[in-house]
Structure formats: structure tokens, C-alpha cells
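Working notes for the structure below.
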Amino acid sequence: MTRLSAVTPSGHAQLGNYLGAIRRWACEGAPDDLYFVSDMHAMTTAYNPQRLRALSREMLAILIGSGIKPESVFVQSDIAAQLSTLSWVLECTCTFGEVARMIQFKEKSAGAKTVRLGLLTYPVLMASDILLPGADEVPVGDDQAQHVELARALARRFNTTYGEAFVVPQAVTPKVAARIRDLADPDRKMAKSTRNETGVVFVLEDADMIRRKFQRAVTDTAGRVEYRPDEQPGVANLLEILSACTGQSPKTAAEGIGSYRELKETVADAVIEELRDVRKRTQDLLADPAELDRIRATGAERAAQRGEHRLSSVLRLAGIA
Ligand code: TYM
């Protein structure tokens, strides 16, 4: 069984990426799994090329620093030729309506003066990412489940129209930490690209800054440490973060905590502890560029091999090779 997932270097990795995704990938790791840095997905809105290159490298180091086996990681653009080819085939299997109704597209394009075509077609590239190596399971947070649904639909459609080529993948979302919220605005999910960084905890941030962000986290006036997501979203978010770090349920995590101040300190301690080794291992790796280059090159080779066979049969079935 192959699990596959990715993180886009559109900013620095944040706590939601880590608790909702990266950490699980590391725990469940099997030899055939593939986890990658989806740098081509970071081009769908305005970006700076030098910054993208640096963020991709940092993200690759974070994946390994988080405990994912170096044999399982790669950078998406290292197999750009295969993915772009498959993407064209899948774009011609997909309808305009299917991509136009993606929630993320609607959110990101709303009110924008210009919208890059890649922002619309990006879920098709993501389908290529998933279908090329034949992933069975795709562990993602809630926000990506709709994109995996599209990949399933395209796989089925291609298989019935042109012939069996693709494994129909399944999204797997976590029970806890599927949607970590912004500490300063619990109505929004925590995101790398949020302008106001006071509510976003970054994986490589130092302990003092992490503590300060938790101390300033928005709560409410109820004054009770209880897990009630609808009535107390800020407090519930802190309890979910704590629960993801300790392994208890959010309800159990609330027991014995008397005040919001105590809750914030407890969560800050747990997060700092959780990220300590990840940060250290990532920084060590970033300080050894030759080792990181070596891992990247080996990953690229392995990823290319994994997709080769399927891509040629897809092209043959589609009548173009
Ligand atoms: P990205 O970079 O937005 O997010 C990476 C992973 O982190 C999860 N995540 C969260 N989980 C909980 N709480 C949050 N606040 C939070 N924010 C993000 C996401 O659900 C995701 O699992 N398009 C994808 C990357 C991608 C991909 C793929 C994933 C490219 N190709 C193929 C799976 C399979 C993305 O931009 O994720």
C-alpha cells in the first residue's frame, strides 16, 4: 500500500501543517510511502522565485527533521516533465465546472483583480501527483479532501473511458488536528500565508516567540476551560492542539485546567516540547547542504522511476504514444 501526500512551500511550515499532516506522515511511514514538497503548487499566486527556492529547501529539511524517512521524500519539480505531461491528459479528462467549484479556488480567487489560470487548474496537477505513482491513501487535513475527491473522479473516468490505468485513491483525514485554527482569529484556519502572523505558530520559530503567541491567543468571556467547539472556538482550538501533542482527547485534556492563563501556558509548553527535536534536526540538516542535495537527488530518481511505467501506459491508452 502506498501513502502519498505533500506540503506546498508557499510560506514557512506552520503548526497546522505539522500536527494535521507532517507528523502523521512520519508516524505511519512505510517503505513505499511518498511525501514531497509541492513547489509547483506555490506558483498559482504571485511569488518570489528566490524565496520559493529557499522555502522548498527548508520544507524538505522539515519533512526529514520531522522523522519521515529520507528515502520517502522528494521535491515535486524534480519530476516536472512527467507531472506536466500527465496533467495535460487529466485536464482533458476534467470539466471546467469541476475545477471552478473547488472551495479553495473560490476562496483564493474571490475579489482578486487577476486570477492565474494555474490557480484554477491546480487541483488537476494535484490529481497527477496522486495518480502518477498509484497512491492508495492520501493523508491530508480537511481543506484538501475536496481535491482528493477530484483525483478519484478523474481516475475513475479515465479508467472507464480509455482503459484501466489508475488506482482510485482515498483521502484519509485525522480525528484530531484536522483543522487547527488561527490563534488570533479562531474563525479562520491557521495558514502559512496569513499576513498577520500573531496567530500563526511556525514550526521553526523559537520557543519564546511560540510562548508569546499562545499567551496572546484569543479566547472568550465564558471563563470555563471546556471543550465546546461551537460556543468556545478559541478555547476548543487550544484544547485540540494540546490533545494532538499529548494524545488525550480534547475533553480529557481540559480536565484539571483552571484558567485560560494556565491553559495557554500548558499548550505552549506542550508545543515547544513537541517541536524541539524537529527544529534541531531541521537546522542541522540545513547546515549540511551537501547532505540535503544528496537526499534530494536520490528522492528525485526514485520518484521518477515510480511514475515511468504508468505514464507510458496512460499515454498509450489516450492515443498519443
Ligand atoms: P498545504 O501545503 O496547504 O498543507 C499541507 C498539509 O497540511 C494540512 N493543513 C492543516 N491541517 C490542519 N490544520 C490546519 N490549519 C492546516 N493547514 C494545512 C493540509 O490539509 C495538508 O494536508 N495542495 C496541497 C499539497 C499537495 C498535495 C498533493 C497533498 C500537492 N499535491 C498530493 C496531497 C496529495 C497543499 O497545498 O497543502
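The values are calculated or read from the model by the stated rules, or taken from the named source; none is laboratory data. Nothing here was measured: the structure is a model prediction, and the numbers come from that model. In this analysis, Cβ positions are derived from the backbone assuming ideal geometry, glycine residues included, and neighbour counts consider all displayed protein chains. Note: accessible area is taken over every heavy atom of the protein model, side chains too, but ligands, DNA and RNA are not part of it. Shrake-Rupley method; radii C 1.70, N 1.55, O 1.52, S 1.80 Å.
For (1) outside any helix (DSSP H, G or I); (2) in the same structural domain as residue 90 (by TED's automatic domain parsing); (3) not charged (D, E, K, R), each residue gets a yes or a no:
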| site | (1), (2), (3) |
| --- | --- |
| 262 | no, no, no |
| 266 | no, no, yes |
| 294 | no, yes, no |
| 309 | no, yes, yes |
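Which one is farthest from residue 192 (Cα to Cα), of the residues in the range 93-111 that are in contact (Cβ under 8 Å) with a residue 60 or more places away in the chain and more than 19 Å from the chain's Cα centre (by Cα)? It would help to see each step written out before you state the result.
Our first condition is that a residue be in contact (Cβ under 8 Å) with a residue 60 or more places away in the chain; within the range 93-111, this holds for 93-94, 108.
The next check asks that each one be more than 19 Å from the chain's Cα centre (by Cα); those that pass are 93-94.
Numbers: 93: 32, 94: 29 Å.
By that ranking, first place goes to 93.
Would you point out which residue out of 135, 177 is part of a loop (DSSP other than H, G, I, E, B), within 8 Å of the ligand (Cβ to nearest atom), on the phi < 0 side of the Ramachandran plot and open to solvent by less than 20 Å² (accessible area, probe 1.4 Å)?
When all the criteria are applied, what remains is 135.
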Listed by first then second residue, the pairs whose first member lies in the range 1-26 and is over 19 Å from residue 271 (Cβ atoms), whose partner is within 8 Å of the ligand (Cβ to nearest atom) and of a type in the set (S, T, N, Q), with beta carbons under 7 Å and at least 6 positions apart or on separate chains, are 6/38; 6/76; 8/38
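One line per residue, one yes/no per condition, for (1) within 25 Å of residue 121 (Cβ to Cβ); (2) away from the ligand (no atom under 15 Å from the Cβ); (3) open to solvent by less than 60 Å² (accessible area, probe 1.4 Å); (4) not in a strand (DSSP E or B):
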| position | (1), (2), (3), (4) |
| --- | --- |
| 24 | no, no, yes, yes |
| 61 | no, yes, yes, yes |
| 71 | no, yes, no, yes |
| 83 | yes, no, yes, yes |
| 87 | yes, no, yes, yes |
| 90 | yes, no, yes, yes |
| 94 | yes, yes, yes, yes |
| 99 | yes, no, yes, yes |
Residue under evaluation residue 35, criteria (1) modelled with pLDDT of 95 or more; (2) in a helix (DSSP H, G or I), criterion not met: (2)
Options 244, 270, 207, 254; residue that is free of Cβ contacts under 8 Å to residues at least 40 places away in the same chain, under 30 Å from residue 69 (Cβ atoms) and among the aliphatic types (A, V, I, L, M): 270
